[in-house]
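Note sheet for the following structure.
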Amino acid sequence: MVFGGYVFKDVGAYEKIVGKAFGELDPKDPKNAVIVDIQLAPKNANGKIDRPKLKELFLKAETLSRTEVCRSSEHAPSVAQLR
């Protein structure tokens, strides 16, 4: 349980699941030119830069046995917002 096991009115309790997502950055893409020293980063076999990212998901405790996902941690409400 997260938020100290607090059960939010009309919403319920939440659980947190932590995992890793993987992606690639193209050092030749002009949008990535703002990244300092991107050309010096190690590249994979595709000529791209591997980009692992830690991801946290907040799920309603009651949905853990189902497949629906509540929200990504990037958009999760704070405890104050849910009270």
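Only one entry of Y14, Y6 meets the criterion of being at negative phi, at pLDDT 75 or above, touching a Phe, Trp or Tyr at 6+ places or on another chain (Cβ under 6 Å) and not charged (D, E, K, R), and that entry is Y14. Under the condition of being of a type in the set (V, I, T) and assigned to a loop (DSSP other than H, G, I, E, B), which residue from the stretch 28-38 is surrounded by the most Cβ atoms within 10 Å (Cβ to Cβ)? Step by step, filter the stretch 28-38, then rank; the result is I35.
Filter the stretch 39-83 down to residues that are in a helix (DSSP H, G or I) and at pLDDT below 75 and give me whichever is surrounded by the fewest Cβ atoms within 10 Å (Cβ to Cβ). Full working, then the answer.
Just the residues of the stretch 39-83 that are in a helix (DSSP H, G or I), to begin with: 39-40, 61-63, 79-82.
Next, only the ones that are at pLDDT below 75 stay: 62-63, 79-82.
On the way: E62: 14, T63: 14, V79: 12, A80: 6, Q81: 8, L82: 14.
Going through the qualifying residues, I end up with A80.
The number of residues in the stretch 1-26 being exposed (fewer than 10 other Cβ atoms within 10 Å of the Cβ), part of a strand (DSSP E or B) and in contact (Cβ under 8 Å) with a residue 40 or more places away in the chain comes to 0.
The values are calculated or read from the model by the stated rules, or taken from the named source; none is laboratory data. Predicted model, so just to flag it, every value in this text is computed and none were measured. Here Cβ is always computed from backbone atoms with ideal geometry, including for glycine, and neighbour counts include all displayed protein chains.
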